[in-house]
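So the structure is just underneath, and the comments pick up after that.
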Amino acid sequence: MGDSAATLIKDGRIVAAAEEERFSRRKHHSGFPYEAVQFCLDEANIRMSDVEHVALYWKPWVLRHKAFQAIKSAFISRDMFKARVDRGVAQVGDSYLGMLRHPKRLRERFGPSDFKFHFLEHHQTHAASSFFVSPFERAAILTMDGTGEDTTTLFSVGEGTRLKPIKRIKLPHSLGQFYSAVTNFLGFDMFAGDEWKVMGLAAYGEPEFYDFFSRRVLTTNGNHDFHLNVRVLDHHLAKHYQFSEEIVRALGSPRKSGEDISERHQNIAASAQRVLEDTVLHLLQGLYERTKLEDLCLAGGCAFNSVMNGRIFTETPFKRFFVQPAAGDAGCSLGAALMVYHQKLGRPRDFVMDHAYYGPSFTNEECRAALDAAGLSYETLPDEELLPRVARIIADGGIIGWFQGRMEFGPRALGNRSFLADPRRADMRELLNKKVKLREWFRPLAPSMHAEAAEGLFGRPHYDPFMITVLRVAEGRGESVPAVVHVDGTARPQTVTREANPRYWKLIDEFARLSGVPMLLNTSFNIQEPIVCRPEDAVKTFQGANFDALVLENNLVLRR
Ligand SMILES: [Fe+2]
């Protein structure tokens, strides 16, 4: 189970939340989140004996169904059957039994405590992670991922402190697994969370294979339901790089990792992306008709599909929608805590998540200690001097590793652990992707912008502190910021308010004074590893890479 994480809440408010990968430095860390738990306790300045409830976002006994589903199938070859059995057995062995030992593990590691332990259903915790921190009193909720215990898609209604599931779609019918299987077909690694790459690539292609996908692979019906045809595209087999004859006949052979990306690959990505979007819009139409609610919450890995989210704005009857920044499984730790607090204990809601800064922070002294240990020379400057200076370096074409305040919860860097650059430079995307981040040329880069400037770029007001929606840039408005406009004329903005992140807002303001553009190019501060967490991680990244300056709180390091 990837992306393990821990969240601590007190009186219904988030005190601390972080993914284990940031501490262990292993992407999508799937083991027990010992370090994240320790961080939460430290941040709250408490011990495990002070914790009253612990909740896990799985019901391990239901996982037996999942193993059964993994094995159960239509006609498949002996090798394929074996692949499925291996996977099913592995899941039962590692996950099911291991989870039952979690309460014991916690007490062994963190000391005696008489907390009450709760095993909660995975998808309900996804739903809780969004609705309970949303601004809505009532909302329709759709959660979609690879799979929970056996549910892959859950329709719910949230009202006050209650969540009511109204419909489930179960394995093998899974939108997340469909997209992951396509990810693998295109030679990317679904274990590394490469689904982003398919979405980025889709913008370059034409939906040439749309009919095949929508008629033979992922089909919808009049019941606002969908069906994944695992005879044609099977997630479990895709993991073993096995694809059916039918799919190879229709799409050509799967792309090998490292093989050049062709127009055909781009068209496969575009087709799969379009079918996913249309399927979700179809589900949402059904959810709206059933609930007649105008507010929508999304969660689950599929809620990161920001291109799909953009279409929700314009093509569904829902008026407002909310996604919190850790929409994947890490966010279930938040949902689990909130489910206990609101649903089980009946405590009222009075918290809206309007920022993601719930991870660790470090003092100037700690930052300097890391710089001294690495033998780097630096200047320590007050913000009045530092921010204009950093803005100048960016305006002159420099790339900054920017580290401040509490680390973001969720996979997006939102101005506290970010690479920052000038959005006006057309070559900046290629420079950042190829020379700094060492990743594919086609990955889009996004702007952080003053919330008040969103209308200038999109032609209408927009508020998205979590960079979760792709929108079309208004005619003629994107030319001045080519590095943050994708090939299809879209952008995925983070809107920054003075309240949510005053220092970052001020830096953007300084840049606007110099350039006339109230935005910065922002991408996560990491190179082929989890986003940097501690000053030491940032220093190590700076030393091993090719960017111009590093800012750790008030300390500025220039590459010499
Ligand atoms: Fe999930």
**Study point:** Residue list for region 374-403, restricted to those being over 18 Å from residue 560 (Cα atoms) and open to solvent by 60 Å² or more (accessible area, probe 1.4 Å)
**Key:** 384, 385
Practice item. Evaluate the following for residue 516: is it out of contact with any Lys or Arg (no Cβ under 8 Å at 6 or more places or on another chain) and on the phi < 0 side of the Ramachandran plot? Key: no
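With the requirement that a residue be part of a strand (DSSP E or B) and either open to solvent by 10 Å² or more (accessible area, probe 1.4 Å) or away from the ligand (no atom under 15 Å from the Cβ) (or both), what does region 135-146 give you?
Passing the criteria: 138, 139, 140.
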Review point. What are the residues in region 292-309 that are open to solvent by 10 Å² or more (accessible area, probe 1.4 Å) and away from the ligand (no atom under 15 Å from the Cβ), if any?
Key: 292, 293, 294, 295, 307
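Look through region 316-360, keep the residues that are assigned to a loop (DSSP other than H, G, I, E, B) and open to solvent by 60 Å² or more (accessible area, probe 1.4 Å), and return whichever of them is farthest from residue 467 (Cα to Cα).
345
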Practice item. May I ask you to list the residues in region 147-168 that are among the small types (Gly, Ala, Ser) and crowded, with 23+ Cβ neighbours inside 10 Å? Key: 148, 156, 158
Point to revise | Matching entry among 454, 512 (being in contact with a strand residue (DSSP E or B) (Cβ under 8 Å, 6 or more places away or on another chain), part of a helix (DSSP H, G or I) and within 24 Å of residue 427 (Cβ to Cβ)) | key: 512
Practice item. Just give me the residues in region 314-336 being more than 19 Å from the chain's Cα centre (by Cα) and either touching a residue at least 40 places away in the same chain (Cβ under 8 Å) or within 16 Å of the ligand (Cβ to nearest atom) (or both), in sequence order. Key: 318, 320
**Study point:** Test for residue 547: is it in a loop (DSSP other than H, G, I, E, B), within 22 Å of residue 559 (Cβ to Cβ) and either without any contact (Cβ under 8 Å) to a residue 24 or more places away in the chain or of a type outside the set (Val, Ile, Thr) (or both)
**Key:** yes
Revision key, fill the gap. When every residue in region 475-487 that is open to solvent by 20 Å² or more (accessible area, probe 1.4 Å) and within 20 Å of residue 422 (Cα to Cα) is compared, the one modelled with the lowest pLDDT is 487
Check your understanding: In region 217-273, what count of residues is obtained for those that are under 15 Å from residue 173 (Cα atoms) and not in a helix (DSSP H, G or I)?
Key -> 16
Study note, to complete from the structure: Every listed condition ((1) away from the ligand (no atom under 16 Å from the Cβ); (2) over 20 Å from the mean Cα position of the chain (by Cα)) holds for residue 132 save (2)
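The values are calculated or read from the model by the stated rules, or taken from the named source; none is laboratory data. In this text the structure is predicted, and so the values were computed from the model without any measurement. Neighbour counts run over all protein chains shown; Cβ positions are idealised from the backbone, glycine included. Ligands, DNA and RNA are stripped out before the accessible areas are found, and what is left, the full protein with its side chains, is counted by its heavy atoms. Shrake-Rupley method; radii C 1.70, N 1.55, O 1.52, S 1.80 Å.
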